[in-house]
1. Counting other C-beta atoms within 10 Å, which of Y256, Y113 has the fewest, and how do the rest follow?
2. Calculated FRET efficiency, D62 and A227, Cβ-Cβ r, R0 41 Å, to nearest 0.05?
3. What ranking, highest mean first, results for peptides 186-192, 163-169 when packing means the other Cβ atoms within 10 Å averaged over each residue?
4. Assuming 0.36 nm per residue, please report the length gained on full extension of the stretch E96 to Q294 beyond their Cα-Cα distance.
5. If you stretched the chain out fully between V85 and I123, how much longer would it get, using 0.36 nm times the residue separation minus the C-alpha to C-alpha distance?
6. Listed here are the pairs K117/K231; K231/K280; K229/K280; K117/K165; which of them are more than 20 Å apart at the Cα?
Amino acid sequence: MILRFLILCIFPLVIAGCSSSAVKPVPPDTKGGEPAASVPVSSDKRGGYYLDDGPGDNPPADIDAIPDAVPRQEPPLSRANRPYVALGENYTPMTEYQPYKASGIASWYGKRYHANKTSSGEIYDMYGMTAAHPTLPIPSYVRVTNPENGKSVVVRVNDRGPFKKDRLIDLSYAAAYRLRLVGKGSGWVEVEAIDTSKPLPSIARNAESVQLDSPARTAGNFVQVGAFKMKENADQLRATLQGRSLAQNVAVENWYNEGIYRVRLGPYQSRDDAERAAGKIRQVLGISTLVTTQQETP
């Protein structure tokens, strides 16, 4: 995100020479400069994080339960895959899938960039399973593995960065947490691109079919929390609801109907239960909700 680069230029004592390295012409909303959380600068109870970045004030109860991104075929975004210059370096992004395997240092970015736009134009969710890479296609999917502990995650590349030569990839806070890189700020990882033209493993196909099925015919009370034209936005909201424990004891559906992806929770045993859940979602996420009652179908 451009915001990240501008912030860094205000701190010449932290990063020397930033003011003389203009970013031009980076795709709109591309973030630049030093990866977040890579250099601890304080040691209070919350830990030290770069430029006051770090975990959110109200993190999900179980971040390890946040699901991987589900690989699927998506057309590349031309505006996000054009050649560009960042910090004096030329970058030429890939415009289609190519076999890619690399090892290097991963960093992560958190609350400072939460809710800002990414290079894809989507909103960055620190609790979503996403990543930034200088040249991989946007969007695309990669598997990131921490060889130190064997933990692995699948993330969706929807942003540009990092732009330091010793960094390979920027991970969302949730992805870094699951790889156990949060405490260190950065760490060595292995990155492999996923070919979405090939059949997905059965577990991924099943997850996809559940999200795209028509709404369940189960009667009951439901809370609708979003309607989107882009599936990835519905997927991100679904993951956020699960990651922040806002879908306890009920299913979260992402279903497609007449050109719209709708996210809803339920069924709840009573309308009062649904109203309470809707109120909590509004309070925590600041989004509008709609409580509906579905009758039994013959």
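What follows draws every value from the coordinates through simple rules; no lab data is involved. For clarity, every value in this text was computed on a predicted model and none was experimentally measured. Heads up, the Cβs are rebuilt from the backbone with ideal geometry, glycines too, and the neighbour counts pull from every protein chain shown.
1. Y256, Y113
2. After rounding to 0.05, the efficiency reads 0.95.
3. Packing order, densest peptide first, comes out as 186-192, 163-169.
4. Gain in length upon complete extension: 67.0 nm.
5. Working: separation 38, 0.36 × 38 = 13.68 nm, distance 2.28 nm.
Length difference between fully extended and current span is 11.4 nm.
6. Beyond 20 Å: K231/K280; K229/K280; K117/K165.
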